[in-house]
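Below: the structure, in structure tokens.
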Amino acid sequence: MTVLARQSDILKLVRQQGSCTIVELAERLDVSGETIRRNVKSLVSEGLVLKVHGGIILPHQFREPPIQRRMLENKEAKERIAALVAQQVQDGDSLVIDTGSTTVYVARALSEHSNLVVVTNSTQIAGMLAGGTDNQVFMAGGELRSHDAAAFGAETLEFIRRFRVRHAILSIGAVNAAQGFMDHYLCEAEFSRAAMAQAQHRIVAADSSKFDRSVLVQVCPLDAVDLLVTDALPGQELTQRLEAADLEIQVAEPTQITA
């Protein structure tokens with residue numbers, strides 16, 4: 001049996017039961033426990049299962065917030081994107097950052113910057129950057145969403161409109177040749193539009209899994225954004241549309257981030 005076939009069987013078993021021990025998997029698949037541990041390692045790194053003492057479980061069994069699971073998806077690409085986005089920001093800059101797994105990585109990449117003025121609706125990002133060197137962090141009020149503790153609502157939008165910033169750094173749900181930038185929820189799209197209206201320079205940070213998808217809500221047309229930072233160029237049609245919109249694309253190559 002190949003490694004991929006065995007990993008497929010491991011996933012099938014854990015999805016049936018919700019959890020499996022290493023011993024149980026070794027017995028069911030007639031291999032050693034060490035073989036199972038090697039096969040499970042990549043499944044854990046991809047966020048498909050979570051490792052617990054003596055076995056593995058499905059992510060939702062652990063009741064982790066979805067944003068934590070999303071941070072495991074395309075992790076290396078998001079880290080590279082974040083590092084390249086951070087290069088756009090100078091010490092002393094002002095910025096709005098929205099909630100999202102990629103923008104959490106951006107906040108981490110900004111940890112060495114100083115004297116930033118940061119406006120955000122993400123409690124996680126606010127907490128990370130409030131501890132930086134002489135940063136000022138403004139946390140938008142509003143109703144906190146349960147799965148990522150981000151604030152949304154009329155109060156949030158009113159708060160954002162009080163600021164004029166250098167950069168708006170935004171995550172996104174999809175980049176579509178016909179529909180432009182899209183998001184999963186109306187509240188996210190409304191926040192993104194409000195943030196872009198207050199910024200001189202609008203940056204979208206999106207890994208290539210977002211290309212040529214269509215989700216529920218249109219945020220803005222392609223020409224409303226100044227810079228797209230991603231990990232790979234999109235397909236021909238989307239690339240042509242982006243170029244026609246005079247939108248700059250920067251690709252974060254694997255060599256652009258150091259351990």
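The values are calculated or read from the model by the stated rules, or taken from the named source; none is laboratory data. Not measured: the values here are computed from a predicted model. Counting neighbours? That spans all protein chains shown, and the Cβs are built from the backbone with ideal geometry, glycine included.
Quick notes on this structure:
- Any hit, region 150-169, residues being among the hydrophobic types (A, V, I, L, M, F, W, C), touching a helix residue (DSSP H, G or I) at 6+ places or on another chain (Cβ under 6 Å), assigned by TED's automatic domain parsing to the domain that holds Arg202 and in a loop (DSSP other than H, G, I, E, B): no
- Filter result (part of a loop (DSSP other than H, G, I, E, B) and either touching a strand residue (DSSP E or B) at 6+ places or on another chain (Cβ under 8 Å) or on the phi < 0 side of the Ramachandran plot (or both)) within region 25-42: Val31, Ser32
- The requirement of being crowded, with 16+ Cβ neighbours inside 10 Å, of a type outside the set (Phe, Trp, Tyr) and within 30 Å of Arg161 (Cα to Cα) is fulfilled nowhere in region 15-26; no residue meets it.
- Some residue of region 201-212 being at pLDDT 95 or above, over 20 Å from the mean Cα position of the chain (by Cα) and surrounded by 19 or more Cβ atoms within 10 Å (Cβ to Cβ): no
- Filter result for the condition that a residue is among the acidic types (Asp, Glu), touching a Gly at 6+ places or on another chain (Cβ under 7 Å), farther than 25 Å from Arg193 by Cβ and surrounded by fewer than 16 Cβ atoms within 10 Å (Cβ to Cβ), over Glu143, Glu73, Glu112, Glu46: Glu73
- Residue match in region 182-203 (condition: β-branched (Val, Ile, Thr) and either in contact with a Cys (Cβ under 9 Å, 6 or more places away or on another chain) or outside any strand (DSSP E or B) (or both)): no
- Counting the residues of region 182-205 that are touching a helix residue (DSSP H, G or I) at 6+ places or on another chain (Cβ under 7 Å) and within 19 Å of Ile81 (Cβ to Cβ) gives 6.
- Residue count for region 76-109 satisfying the condition of being buried (at least 23 other Cβ atoms within 10 Å of the Cβ) and in a loop (DSSP other than H, G, I, E, B): 3.
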